[in-house]
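Here the structure comes first, spelled out in structure tokens, and everything after it is commentary.
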Amino acid sequence: GADLPSKAYSAYLATGWRTAPEQIIGGDINFQVGLHSDFETLTTRSLRYQGQGIGLVRLTPTLTLKGGVRYIDRARIKLWPAAGLLWQPSPTMKFDIFFPQPKLSIYLSTVGAAQVWGYVAGEYGGGSWTIDEPYGVERVDINDIRISGGVEWFGARGINGFVEAGYVFEREVVYVVMPNLSIKDVPPTFMLRGGLSF
């Protein structure tokens with residue numbers, strides 16, 4: 001009986017602050033507020049707040065302990081712990097063994113003024129949106145697990161980007177107002193995504 005729209009949108013503003021990596025004790029804080037909807041309907045439930053607060057303790061010059069919380073504002077999960085280790089055995093390798101978003105990176109080359117890195121990563125993916133249903137406004141979560149591999153680059157002038165492909169599994173659709181419409185065991189799929197920041 002579910003009638004999902006073919007498209008949903010997210011428009012948000014985000015800000016963050018992080019201490020210098022050479023500090024013994026530091027932190028990583030970010031906050032995001034945005035509208036998440038099919039844009040057929042906009043209500044207060046379309047407005048979502050997300051963020052994280054992570055403490056950093058540099059145990060050795062190559063090993064940093066990370067721990068804190070991440071707020072994702074989903075129907076089933078609002079807040080969960082975030083912890084792990086960042087290990088950099090050499091300037092060309094980074095192992096971010098971090099729940100819920102691990103990432104292993106290796107330096108590939110320098111192209112012009114940009115450093116190019118390859119990586120494999122995992123994440124708890126999906127999102128939450130308000131949609132227009134015949135019975136009224138509904139909030140829907142899409143939850144999944146993603147494993148991806150890609151290439152990212154870091155420019156000298158602060159222009160960074162990435163391109164990646166991945167496998168998406170353990171997918172589910174959760175209806176908040178009408179939970180009987182929720183869909184378990186959605187078939188796995190593939191994803192392709194990229195981005196630029198400056």
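The values are calculated or read from the model by the stated rules, or taken from the named source; none is laboratory data. What you see is a predicted model; the values in this text were computed from it and never measured. Because the Cβ atoms are built from the backbone with ideal geometry, glycine has one as well, and the counts that use them run over all protein chains shown. Just the protein is used for accessible areas: all its heavy atoms, side chains included, with ligands, DNA and RNA removed. Shrake-Rupley method; radii C 1.70, N 1.55, O 1.52, S 1.80 Å.
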*Go through (1) within 22 Å of the chain's Cα centre (by Cα); (2) surrounded by 14 or more Cβ atoms within 10 Å (Cβ to Cβ) and name the single condition Val137 misses.*
(1)
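In segment 110-130, which residue that is of a type in the set (A, V, I, L, M) and at pLDDT below 95 is least open to solvent (accessible area, probe 1.4 Å)? Reasoning before the result, please.
Taking segment 110-130 as the starting set, the residues that turn out to be of a type in the set (A, V, I, L, M) are 111, 113-114, 116, 120-121.
Retained after the next criterion (residues that are at pLDDT below 95): 111, 113-114.
Numbers: Val111: 96, Ala113: 72, Ala114: 18 Å².
Here the residue is Ala114.
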*Is it true that some residue in segment 40-49 is in contact with a Phe, Trp or Tyr (Cβ under 9 Å, 6 or more places away or on another chain), touching a residue at least 24 places away in the same chain (Cβ under 8 Å), of a type outside the set (S, T, N, Q) and more than 23 Å from Trp117 (Cβ to Cβ)?*
yes
*Among the residues of segment 39-60, how many are touching a strand residue (DSSP E or B) at 6+ places or on another chain (Cβ under 6 Å), open to solvent by 70 Å² or more (accessible area, probe 1.4 Å) and outside any strand (DSSP E or B)?*
3
*Which of the residues belonging to segment 8-38 are farther than 20 Å from Ala75 by Cβ and not in a strand (DSSP E or B)?*
Thr19, Ala20, Pro21, Glu22, Gln23, Ile24
*Scanning for something touching a residue at least 40 places away in the same chain (Cβ under 8 Å), under 22 Å from Tyr12 (Cβ atoms), assigned to a strand (DSSP E or B) and not small (Gly, Ala, Ser), does segment 99-108 turn up at least one residue?*
no
*Given the conditions (1) assigned to a strand (DSSP E or B); (2) among the basic types (Lys, Arg); (3) more than 18 Å from the chain's Cα centre (by Cα), report the number of the one that Lys66 does not fulfil.*
(3)
*Tally of residues being exposed (fewer than 14 other Cβ atoms within 10 Å of the Cβ) and either among the small types (Gly, Ala, Ser) or within 23 Å of Gly51 (Cα to Cα) (or both) across segment 89-108*: 2
